[in-house]
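Here's the structure we're looking at; comments come further down.
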Amino acid sequence: VGFTAFFIILVNCLLGGFTDLDGIVNPAPFATLGKQIGPISLPALFFTTALPALSLLLVFRVNTGYARWNEARTLWGGVVNNCRNI
């Protein structure tokens, strides 16, 4: 999806021009072809359905990472306590 979005942005810049961060409007190298084709866009439906699933995946990965960190912290605390007892 990321590569497709990057490709569409690149094609739109080449066919329709772009405005840079300074506000300068840069002309398109292939403006005549861009007038015939028009701008290309992605449907928003895919992003609206994929984002909740990706956010749940991120939550599960963060929770798993925290559980692993907490277990390692507990085990390391046990090692430190055993070393103190020696």
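Considering only protein heavy atoms and a probe of 1.4 Å, how much of the accessible area of the range 30-84 is carbon and sulfur, as a whole percent? Let's see the in-between values first.
Values: 3510 of 5010 Å².
After summing per-atom areas, the C and S share lands at 70 percent.
At 1.4 Å probe radius, can you tell me the per residue accessible area of the chain in Å²?
Heavy-atom accessible area per residue stands at 87 Å².
For A31 and L51 in the same chain, what is the full-extension length gain: residue separation times 0.36 nm, less their Cα-Cα distance, in nm? Could you put the intermediate results ahead of the total?
Numbers: separation 20, 0.36 × 20 = 7.20 nm, distance 3.42 nm.
Contour length minus the Cα-Cα distance gives 3.8 nm.
Pairs of alpha-carbon atoms within less than 8 angstrom and 6+ residues apart define the contacts here; what relative contact order does the chain have, in percent?
Working: 44 pairs, mean separation 17.0, N = 86.
Value for the chain: 20 percent.
Please list V11, V25, V59 from largest to smallest accessible area, probe radius 1.4 Å, with all protein chains kept in place. Walk me through the numbers before you get to the answer.
Working: V11 25, V25 105, V59 75 Å².
Heavy-atom accessible area, descending, gives V25, V59, V11.
Expressed in nm to one decimal, what extension gain is obtained for the pair R68 and V11 from 0.36 nm per residue of sequence separation less their Cα-Cα distance? Let's see the in-between values first.
Numbers: separation 57, 0.36 × 57 = 20.52 nm, distance 4.41 nm.
Here the segment from R68 to V11 would lengthen by 16.1 nm.
Could you give the dipole magnitude of the chain about its Cα centre, charging the beta-carbon of Lys and Arg +1 and that of Asp and Glu -1, in debye to the nearest 20?
Details: 5 positive and 3 negative charges, 87 e Å.
Roughly 420 debye, rounded to the nearest 20.
Pick out, from N63, V79, G2, the residue whose Cα sits farthest towards the positive end of the charge dipole of the chain, with +1 on the Cβ of Lys and Arg and -1 on the Cβ of Asp and Glu.
In the chain, that residue is V79.
F18's amide H: which non-local residues (gap 5+, or another chain) put their own amide H closer than 5 Å, with H modeled 1.01 Å from N in plane and none for Pro or chain starts?
Amide H neighbours of F18, under 5 Å, 5+ apart: N26.
For Rg and Dmax of the Cα atoms in Å, pick the label among [x] 25.5, 82; [y] 13.8, 45; [z] 17.3, 52 that corresponds to the value derived from the coordinates.
[x]
The values are calculated or read from the model by the stated rules, or taken from the named source; none is laboratory data. None of these values were measured; they are calculated from a predicted model. Heads up, the Cβs are rebuilt from the backbone with ideal geometry, glycines too, and the neighbour counts pull from every protein chain shown. These accessible areas exclude ligands, DNA and RNA; they are computed on the full protein's heavy atoms, side chains included. Shrake-Rupley method; radii C 1.70, N 1.55, O 1.52, S 1.80 Å.
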